[in-house]
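Read-outs: derived from the displayed coordinates by stated rules, not from any lab. As the structure is a computational prediction, the values presented were derived from the model and not from experiment. Note that we place each Cβ from the backbone using ideal geometry, even for glycine, and neighbour counts take in every protein chain shown.
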Amino acid sequence: MKIFRILTAITLVLSIGACGKNGVDPKNPKSREFELYIDYWNTQGNNPQITFDAVNSSPEVKIDFSKTFAGITVPPKYTNVVIDNVRIIDNNDVNYQIDGITAYEFRQDINDWKVDVEFTMNYTQVQDLMVVMVLDASASLGSDIDKVKQYASNFITKVLTQIPNARIGIIDFSDEIHSFPPTNNKVALQNYIASIPQGPFTSLYEAVNMGIDILDNADAEGKALLVFTDGTDNNSDPEYTPAFLLDKLNNPPSHVGINSFTIGLNGNGGVDKPVLEDLAANSGSAAFPNNIDELGTVFEKFSSSISNVYNLTYVRNQQVIPDTNKARLRFVIKGTPKIE
């Protein structure tokens, strides 16, 4: 029996170590593996909870690592814990689609990780998605506004191609703020973008606040905010500060958080990078293209990142596990770059 256990452990280590550096599968260089480490407990059999080990988990897995996720019992003998709005994005803003998840649990009897075939991590791509685009239309863009409109229009096409039922809203701002309500009518959205006027000044914070409010009040399984600007705020009411906006992003009234993506075009106005980085909250991302052509690439990458979002569901039985002896779980997520 001892020999069998040792051989099993060796086989597991070899299988896990088959991937190359940085989780790259040598048999498929485009495929990568990402790790998610979780602590699980269920003190009464009907109150499952999980927290994440952010130190050991792959940084490409975009989850609110500070959050505790609580689950429910599912008749007759199961529990489900849903981890919503999960994305896999590398440091080049490349988004990965999930191709499979292998579950492991650390076993004290073998002092190693064991493949778990009974308790699994299921995944589904979110289809009920709402996106609000907050677009700078200030005079500092000059003739580049035409390219911005083209990129925003392409973004709409790509998102709706991936998720036809996604709803997209638009807020454009300069000295005045205008809006178009969320819809999946591509023609109407693109016609609105084409008609956006330019104006002086930059009401960035007030426009972002409107976008957050629209998403907060919406009923959707996934919510994302995309903010574009080429300058800094100089026209919002004093109550709308970065701290005020970040608090709203971090404390949504509904159980669905808002993934916030920000783009700062390094142009004539100059952007406030620390502010935009802070506002890229809840598994979002910030990007700072240096010219109008690079901006098009960022819009394209973010269209994939925003549309390719998953809900993960950890399925387990109703066994009582005390919080003083939490189960240690490891999930290896296999993914490939999402290419449009």
Can you give the convex hull volume per residue for the Cα atoms of region 188-245, as a whole number of Å³? 116
Restricting attention to region 218-282, which GluC sites (Glu not before Pro) occupy a DSSP loop and are surrounded by at most 13 other Cβ atoms within 10 Å? 239
Helix 2-16: inclination vs the chain longest Cα principal axis, degrees, rounded to 10, gives 20
Quantify how much of the Cα-Cα distance distribution of region 129-307 extends past 23 Å, in percent. 31
Can you find, among 110, 57, 235, the residue farthest towards the positive end of the dipole of the chain? Put +1 on the C-beta of Lys and Arg, -1 on that of Asp and Glu. 110
Label point 7 Å out from residue 74 along Cα-to-Cβ: which residues of region 282-323 have amide N under 16 Å? 311-319
For 110, 263, 156, 214, what's the fewest-to-most ordering of other Cβ within 10 Å of each Cβ? 110, 214, 156, 263
Which GluC sites (Glu not before Pro) from region 72-176 combine a DSSP loop assignment with at most 11 other Cβ atoms within 10 Å? 118
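Quote the FRET efficiency, to the nearest 0.05, computed for residue 300 versus residue 237 with a Förster distance R0 of 41 Å and r equal to the Cβ-Cβ distance. Could the numbers behind the result be given before it?
Values: r = 34 Å, r/R0 = 0.83.
Taking R0 as 41 Å, the efficiency between residue 300 and residue 237 is 0.75.
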With the chain treated as a Gaussian network of Cα nodes joined by springs under 10 Å, which of 171, 98, 321 yields the largest mean-square fluctuation? 321
Rounded to the nearest 5, what is the percent of antiparallel bridges among the DSSP beta bridges in region 129-307? 15
Mind checking the dipole of region 289-333: about its Cα centre, +1 per Lys or Arg Cβ, -1 per Asp or Glu Cβ, Debye to the nearest 20? 500
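Calculate the FRET efficiency for residue 320 and residue 183 from the Cβ-Cβ distance with a Förster distance of 41 Å, rounded to the nearest 0.05.
Numbers: r = 48 Å, r/R0 = 1.17.
Efficiency for this residue pair is about 0.30.
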Within region 124-162, backbone nitrogen closer than 15 Å to the virtual label 7 Å beyond the Cα of residue 198 toward Cβ: 136-150
Fraction of beta bridges assigned by DSSP in the chain that are antiparallel (%, nearest 5): 70
State, in angstrom, two size descriptors of the chain derived from its alpha carbons: Rg to one decimal place and Dmax to the nearest whole number. 22.2, 77
For the Cα atoms of the chain, what angle does the longest principal axis make with the long axis of helix 292-307, in degrees from 0 to 90, nearest 10? 40
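Roughly how big is region 129-307's charge dipole about its Cα centre, with Cβ charges of +1 (Lys, Arg) and -1 (Asp, Glu), in debye to the nearest 20?
On the way: 9 positive and 22 negative charges, 145 e Å.
I would put it at about 700 debye.
What is the fewest-to-most order of 285, 307 by other Cβ atoms lying within 10 Å of their Cβ? Intermediate values should be presented prior to the final figure.
Values: 285 22, 307 25.
The fewest-first ordering by Cβ neighbours comes to 285, 307.
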Just for the Cα atoms in region 97-174, what are the lengths along the principal axes, largest first, rounded to whole Å? 67, 27, 17
